[in-house]
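What follows is a set of notes on a single structure, which appears directly below.
The values are calculated or read from the model by the stated rules, or taken from the named source; none is laboratory data. Source: prediction; values computed, not measured. Every residue, glycine among them, receives a Cβ derived from its backbone with ideal geometry; neighbour counts consider all protein chains shown. Note: areas computed on protein heavy atoms with side chains; ligands, DNA, RNA excluded. Shrake-Rupley method; radii C 1.70, N 1.55, O 1.52, S 1.80 Å.
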Number of protein chains: 2
Amino acid sequence: MARIVMKFGGTSMAGTERIRTVAGLVKREVEAGNEVAVVVSAMAGETDRLVNFCREAAPDSDGTEYDVVVATGEQVTAGLLALCLQGMGCPARSWLGWQLPIGTTGRHARARIGEIDTDALTAAMAGGSVAVIPGFQGMMDTGRVATLGRGGSDTSAVAVAAAIHADRCDIYTDVDGVYTTDPRIVARARKLDYVTYEEMLELASVGAKVLQTRSVGLAMKMGVRIQVLTSFVEYGMAPTRGTMIVGESEIEDLKMERHIITGIAPDKNEALVMLIDIPERAGNVADIFGPLSEAHINVDMIVQTPTRGDDLIDLMFTVPQADLAQAIALVEAAKDKIGYDRMTHNTHVAKVSIVGVGMKSHAGVATTMFDALAARGIEILAIATSEIKISVLIEEDYTELAVRVLHTAYGLDAEVEGADS
Amino acid sequence: MARIVMKFGGTSMAGTERIRTVAGLVKREVEAGNEVAVVVSAMAGETDRLVNFCREAAPDSDGTEYDVVVATGEQVTAGLLALCLQGMGCPARSWLGWQLPIGTTGRHARARIGEIDTDALTAAMAGGSVAVIPGFQGMMDTGRVATLGRGGSDTSAVAVAAAIHADRCDIYTDVDGVYTTDPRIVARARKLDYVTYEEMLELASVGAKVLQTRSVGLAMKMGVRIQVLTSFVEYGMAPTRGTMIVGESEIEDLKMERHIITGIAPDKNEALVMLIDIPERAGNVADIFGPLSEAHINVDMIVQTPTRGDDLIDLMFTVPQADLAQAIALVEAAKDKIGYDRMTHNTHVAKVSIVGVGMKSHAGVATTMFDALAARGIEILAIATSEIKISVLIEEDYTELAVRVLHTAYGLDAEVEGADS
């Protein structure tokens, strides 16, 4: 017998027919002898509908009443799933955020989960009742309803799993796991059996479709084992095995043969800013990046050219495309101080990252990357590295080619039946 | 300064544009120096949508999870109205059923309001904040969300008004008051300035579109003064005076000239059942009506023909059309016991009622009715009377004619400008 948390997203809860399928998956786990808590999202599209109502009613609010409105989406699906389960003869009840309660802190509409009172919950689960919990919400110590910000249901699920010491947190979604890269780019992308928390965080641009980053960070901190798997199975059928997201030590214990590189993540949301002919002077770089940092603009890659003997340097850096206009304005405002000659920018760039815990212990990982890209004539505009990631900035047009080339270079291509590989 | 409760129905809350109009009406009352609590319904159509979800999920449930789902409709509008008010610079907050709490008793999905804790509410109102309360819901002493059954928001408003000793409970709807009769039948129907609780209850078939019967009964019991008025005014404009529903003594104190008859109510929802040739025997009537009563079928009018010398009588009675099939089955099941010869029924009948507190002190009210109908050749199939109501059963085709004839006979026709009246 295990104690598990199952989490279902908006597409899994979109309408009573889909919710019945979900109830079937829950019932399977109960019949296998498990204690089950389920965390649900609102029906797909419902939160958008409610958010729009709020914006129409009053665009600027402190979030307290916004939370009252948008928290209803998950309340509806929690009640409906409990109804479906009861209708199948499976004891169940909904536990609203204020009923447990799930304590929250911070600001309304972007609250953080605090203490979760689990006494009633675990007692009910031990009594054989499925606990259905609306995700994305909790209660402030003022007694007001609070929500966690968009995508918060994954975080709710991980927090509940941590609080009740669940053996596993199964996050059901519309994909069947985490892949080595986007299967729309590389047909031979492979579903991963295991990924470490750290890798999952670095693969965010691939993983964003699968899991909210915040929930992965929380799972890593609390040691919650996550499985990502699909809820799109025929009614009554078992789901196929998904991807486990766990700590590095658990994977080491399995003594599995792992690839050096776990996944390849393309990201087309960066923009490149170039400052030409900056006088080489102490404090110049601080004058550039200080204002960006104050404006919470996340500068990712930075490349400074060496001086060419004329005491002038060039500087290039990337920012999220959404922040480009603001970044340019901030740098222009400091032009006299910095003393650069001219600024250009380029949104037709892409960042391609290779991620893998294995690269810590392997030399030559970067060389393989640079060689593979050079062989196809793909120019590298900038490079950034972390312990388990190497990112290169390239021209946007080459993104898919670069991902495919690297996928093959690191031996990630799935074997295709009946084909040489 | 007065303390008032304002209640807005589903058509008044249908979309943010309408909710903004409602907020304007609330703000007017606040700026006039009043303490205001607002009770809101869900957006028109929303409760139906939620009820359908529940039926699809599990047709037979004990109502606990159904309540979790359907209570969200009013939570959404309560939050949105509070948001709108805040956006207009009018302090406001929503108070959900579990936050006050509004205690409920009885069964889920058809709960009754019990104790309402008003300490936090009145403190907030005294502090200048508008209290926005979702109607139709409360909390059981199990801590579970409960709803009052369809149309329960009027009852919520009256209960809140009673609990906070409000000077008035203004119920805003899509009509501008209570009329002497249905204006679609009689063009010269008049809006009433005052109606007693008892008259309002008897005028239910006219009033059904306006007020839930249960709320009128509660208002009578608790002495809550109700005003029915329309929320369909241009933004920023004052609403026109509606109809006050109050106790008889308040109307007497006004020393107004009142008509003997207050209103005329047609009702096409009754069906007539006739039992022919029943042996005249003690206990026979009990054998007929006992089973109907046990099945909660409301028998309204009963007429027994005198014996014709052959010790056989005929009996006719009316039941709601919705219950006709069940009523027939129950009587047929008791046929041997009752010993009647044959049973017929007729759904093409209508009940027309004249209602007025004034008839208590005036003789000849019934005669005027019978004479007026006879003059138009309208046959009376049955008669039933109460202290302030006389009902006649007639052929359905004559309904509108009968209502017009009686409206004129009792002097209720409005004066039309430029016309002789």
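Out of B:Val210, B:Val233, one residue alone is open to solvent by less than 50 Å² (accessible area, probe 1.4 Å) and without any contact (Cβ under 8 Å) to a residue 40 or more places away in the chain. It is B:Val210.
On the basis of being more than 9 Å from chain B (Cβ to nearest Cβ), crowded, with 21+ Cβ neighbours inside 10 Å, over 23 Å from the mean Cα position of the chain (by Cα) and aliphatic (A, V, I, L, M), does A:Leu100 make the cut? Yes, satisfied. For the structure I just gave you, tell me whether B:Arg225 is surrounded by 17 or more Cβ atoms within 10 Å (Cβ to Cβ) and either without any contact (Cβ under 8 Å) to a residue 24 or more places away in the chain or farther than 23 Å from B:Ile354 by Cα (or both). Judged against the criteria, B:Arg225 is a match. B:Ala23 meets each of the listed conditions (1) within 30 Å of A:Ala23 (Cβ to Cβ); (2) out of contact with any Ser or Thr (no Cβ under 9 Å at 6 or more places or on another chain); (3) not β-branched (Val, Ile, Thr) apart from (1). Only strands (runs of 3 or more DSSP E) whose full extent lies in region B:112-192 are considered here, and the ones with at least 1 residues that are closer than 21 Å to A:Trp98 by Cα are B:112-116, B:130-134, B:137-139, B:145-147.
I'm checking my understanding of the structure. Among residues of region B:15-42 that are of a type in the set (Asp, Glu) and open to solvent by less than 50 Å² (accessible area, probe 1.4 Å), which one is farthest from A:Ala57 (Cα to Cα)? So, considering only residues that are of a type in the set (Asp, Glu) and open to solvent by less than 50 Å² (accessible area, probe 1.4 Å), the one farthest from A:Ala57 (Cα to Cα) is B:Glu35.
One residue stands out in region A:71-92 among those that are surrounded by fewer than 24 Cβ atoms within 10 Å (Cβ to Cβ) and more than 7 Å from chain B (Cβ to nearest Cβ): the one that is nearest to B:Cys90 (Cα to Cα), namely A:Pro91. When residues in region B:223-260 are screened for being within 22 Å of B:Glu387 (Cβ to Cβ) and hydrophobic (A, V, I, L, M, F, W, C), 8 of them pass.
Exactly one residue out of A:Ala189, A:Ala161, A:Ala157 is assigned by TED's automatic domain parsing to the domain that holds A:Gln227 and at pLDDT below 95: that is A:Ala189. Kindly check whether there is at least one residue in region B:109-118 that is surrounded by fewer than 18 Cβ atoms within 10 Å (Cβ to Cβ) and facing another protein chain (nearest Cβ under 7 Å). Within region B:109-118, none of the residues are surrounded by fewer than 18 Cβ atoms within 10 Å (Cβ to Cβ) and facing another protein chain (nearest Cβ under 7 Å). Being out of contact with any strand residue (DSSP E or B) (no Cβ under 6 Å at 6 or more places or on another chain) and closer than 28 Å to B:Gly242 by Cα holds for only one residue in B:Gly127, B:Gly152, and it is B:Gly152. Quick one: is A:Asp314 among the charged types (D, E, K, R) and more than 26 Å from the chain's Cα centre (by Cα)? Criteria met by A:Asp314. Restricting attention to region B:101-111, the residues that are closer than 20 Å to B:His165 by Cα and assigned to a strand (DSSP E or B) add up to 3. Scanning region B:119-145 for residues that are of a type in the set (Gly, Ala, Ser), away from chain A (no Cβ under 13 Å), touching a helix residue (DSSP H, G or I) at 6+ places or on another chain (Cβ under 9 Å) and on the phi < 0 side of the Ramachandran plot yields B:Gly135, B:Gly138. The set of residues from region A:250-284 being of a type in the set (Gly, Ala, Ser) and not assigned by TED's automatic domain parsing to the domain that holds A:Thr305 is empty. Looking only at region B:125-148, count how many residues are open to solvent by less than 30 Å² (accessible area, probe 1.4 Å) and more than 17 Å from B:Ile113 (Cβ to Cβ). Here the count works out to 4. Note on region B:43-70: residues that are closer than 18 Å to A:Ala146 by Cα and either more than 8 Å from chain A (Cβ to nearest Cβ) or open to solvent by 10 Å² or more (accessible area, probe 1.4 Å) (or both) total 0. Inspection of region A:1-9 finds no residue satisfying the criterion of being open to solvent by 10 Å² or more (accessible area, probe 1.4 Å) and within 12 Å of another protein chain (Cβ to nearest Cβ). Just wondering, is there one or more residues in region A:405-414 that are surrounded by 20 or more Cβ atoms within 10 Å (Cβ to Cβ), part of a strand (DSSP E or B), in contact with a Ser or Thr (Cβ under 9 Å, 6 or more places away or on another chain) and not small (Gly, Ala, Ser)? The answer is no; no qualifying residue exists. In summary, strands (runs of 3 or more DSSP E) completely within region A:272-371 and bearing 2 or more residues that are in contact with a helix residue (DSSP H, G or I) (Cβ under 7 Å, 6 or more places away or on another chain) and either open to solvent by 50 Å² or more (accessible area, probe 1.4 Å) or touching a residue at least 60 places away in the same chain (Cβ under 8 Å) (or both) occur at A:342-346, A:349-355. Within region A:193-226, being under 14 Å from A:Ile261 (Cβ atoms) and in a loop (DSSP other than H, G, I, E, B) holds for one residue alone: A:Leu203. You will find that of B:Asn34, B:Asn52, the residue that is without any contact (Cβ under 8 Å) to a residue 24 or more places away in the chain and among the polar types (S, T, N, Q) is B:Asn52 and no other. Hey, any hits in region A:236-243 for a residue that's open to solvent by less than 40 Å² (accessible area, probe 1.4 Å) and either among the aliphatic types (A, V, I, L, M) or in contact with a Pro (Cβ under 6 Å, 6 or more places away or on another chain) (or both)? No, because not a single residue in region A:236-243 is open to solvent by less than 40 Å² (accessible area, probe 1.4 Å) and either among the aliphatic types (A, V, I, L, M) or in contact with a Pro (Cβ under 6 Å, 6 or more places away or on another chain) (or both). The single condition among (1) buried (at least 24 other Cβ atoms within 10 Å of the Cβ); (2) over 21 Å from the mean Cα position of the chain (by Cα); (3) not basic (Lys, Arg) that B:Thr105 does not meet is (1). Have a look at B:Asp314, B:Asp300, B:Asp323 and point out the one that is touching a strand residue (DSSP E or B) at 6+ places or on another chain (Cβ under 9 Å), closer than 30 Å to B:Ile261 by Cα and charged (D, E, K, R). Checking each option against the conditions leaves just B:Asp300. Assessment of region A:258-268 against the conditions (under 28 Å from A:Ile302 (Cα atoms), open to solvent by 20 Å² or more (accessible area, probe 1.4 Å), touching a Ser or Thr at 6+ places or on another chain (Cβ under 9 Å) and without any contact (Cβ under 8 Å) to a residue 40 or more places away in the chain) yields no matching residue. Screening the candidates A:Ala286, A:Ala374 for the property of being of a type in the set (A, V, I, L, M, F, W, C) and modelled with pLDDT under 90 yields one hit, A:Ala286.
For region A:381-395, a tally of residues being open to solvent by 50 Å² or more (accessible area, probe 1.4 Å) and either at pLDDT 95 or above or part of a helix (DSSP H, G or I) (or both) returns 1.
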